[in-house]
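Right, one structure below, let's go through it.
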Amino acid sequence: MIEIDELSLIKLVEEIKPKLVLVVCPSGIRLECIKIISNFSKKYGFNAIFLGESCYGICDLAESEASFLQVDLVLHIGHNSTLRRAGKMTYFIEAYDNISLIPVVEKALPLIKEFKNIGLCTIGPHLKRLDEVQNYLQKQGFSVYVGDSIPPLRKGQIFGCNYSTCKMIEQFVDVFLFIGSSRFHAIGLYNLLGKPVLVLDPHTKEIFPIEKDALKVQKHLLFNFYKAIDAKNIGVVIGLKEGQYNIPAALELYKELNGLGKNVYLIAMKEISNEKLNEFQNIDAFIETACPRISEDFFDKPVLSLQYGYKLIEYLKGQKI
């Protein structure tokens, strides 16, 4: 069950007094958002438009849509962070999962008994209960470390593109416990730090090491990298989402790769999908400058992240990577 920070919502609506509101949220909580905001709209006298596009993080803003729709306010619900607003109209409203985390942590005890030093991390919906987990594990005799807040991350929080809270404690930790249902967060953590990561899913009560999945992604990324070395035609993809827009990096890649004898094409799109990329039949490989996690997906053609794009340039110049 998802709980939305209704007090912040009430304060915001009473302050701005909007007539037309755009509501942005991840698909997993859209139903709850529709119910809650529909009730609020009747009580406070505004009309709500629910954005039907995908929304993956705080970078996934909808300012251009808001401007086109001429709304007074954008409510971005469910991507918790230290940020309170972004752009001209976007305000972030937090949402939390009220499921208890202790049952799955208790179930994990036999699997972590060989470790002494535990690192804890999670995603936005479970942040409120992380202190409870830390206290529980400490009572079981473990030394438990949780990384301090580094904006936009809260204490113990990770994004799919930002693991700063874990990196600050890695030297003290034997194993990380990631509490959540998303594999890709745990995969990113393992591939960045190389330490054991156990996934604890509070909904299914599943507990499993992520190493096998993470190594599969590593091989996938390396395979794509070496395929891109031989590519004659490279597409550099510019993300059109406001928080992912990085045309300076795209132009830098364009210049460098052209200078190294590649045929380079600049491509812009909002949602980077296999179907859309396949429409560019002349392209042998892509470098996307939008979100580092996208390149971990399996496409028909090699897709590199910006980081791997820079490594490709270094390799083609004969530099060590």
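The values are calculated or read from the model by the stated rules, or taken from the named source; none is laboratory data. All values reported here derive from a predicted model rather than from experimental measurement. Glycine gets a Cβ as well: all are built from the backbone with ideal geometry, and neighbour counts include every protein chain shown.
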Subject >> Test result for LEU12, assigned to a loop (DSSP other than H, G, I, E, B), more than 30 Å from GLN134 (Cα to Cα) and touching a residue at least 12 places away in the same chain (Cβ under 8 Å) >> reply: no
Original post:
Looking only at segment 52-72, which residues are crowded, with 19+ Cβ neighbours inside 10 Å, in a loop (DSSP other than H, G, I, E, B) and in contact with a strand residue (DSSP E or B) (Cβ under 6 Å, 6 or more places away or on another chain)?
Top reply: CYS55, LEU61, ALA62, VAL71
Original post:
Would you pick out the residues in segment 224-278 that are assigned to a helix (DSSP H, G or I) and among the aliphatic types (A, V, I, L, M)?
Top reply: ALA228, ILE229, ILE247, ALA249, ALA250, LEU251, LEU253, LEU257, LEU277
Original post:
Which of the residues that make up segment 27-45 are in contact with a helix residue (DSSP H, G or I) (Cβ under 7 Å, 6 or more places away or on another chain) and either assigned to a strand (DSSP E or B) or over 16 Å from ASP5 (Cα atoms) (or both)?
Top reply: TYR44
Original post:
LYS19 fails exactly one of the following numbered conditions: (1) under 25 Å from GLN244 (Cβ atoms); (2) at pLDDT 95 or above; (3) out of contact with any Cys (no Cβ under 6 Å at 6 or more places or on another chain). What is the number of that condition?
Top reply: (1)
Original post:
What tally of residues in segment 100-141 results from selecting those that are under 19 Å from GLU170 (Cα atoms), assigned to a loop (DSSP other than H, G, I, E, B) and in contact with a strand residue (DSSP E or B) (Cβ under 8 Å, 6 or more places away or on another chain)?
Top reply: 3
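Each row is one residue, and each column tells you yes or no for (1) buried (at least 19 other Cβ atoms within 10 Å of the Cβ); (2) over 14 Å from the mean Cα position of the chain (by Cα); (3) of a type in the set (D, E, K, R); (4) not assigned by TED's automatic domain parsing to the domain that holds VAL199.
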residue: PRO110; (1), (2), (3), (4): no, yes, no, no
residue: ILE118; (1), (2), (3), (4): yes, yes, no, no
residue: GLY124; (1), (2), (3), (4): yes, no, no, no
residue: LYS128; (1), (2), (3), (4): no, yes, yes, no
residue: LEU153; (1), (2), (3), (4): yes, no, no, no
residue: ILE158; (1), (2), (3), (4): yes, no, no, no
residue: LYS167; (1), (2), (3), (4): no, yes, yes, no
residue: GLU170; (1), (2), (3), (4): no, yes, yes, no
residue: PHE178; (1), (2), (3), (4): yes, yes, no, no
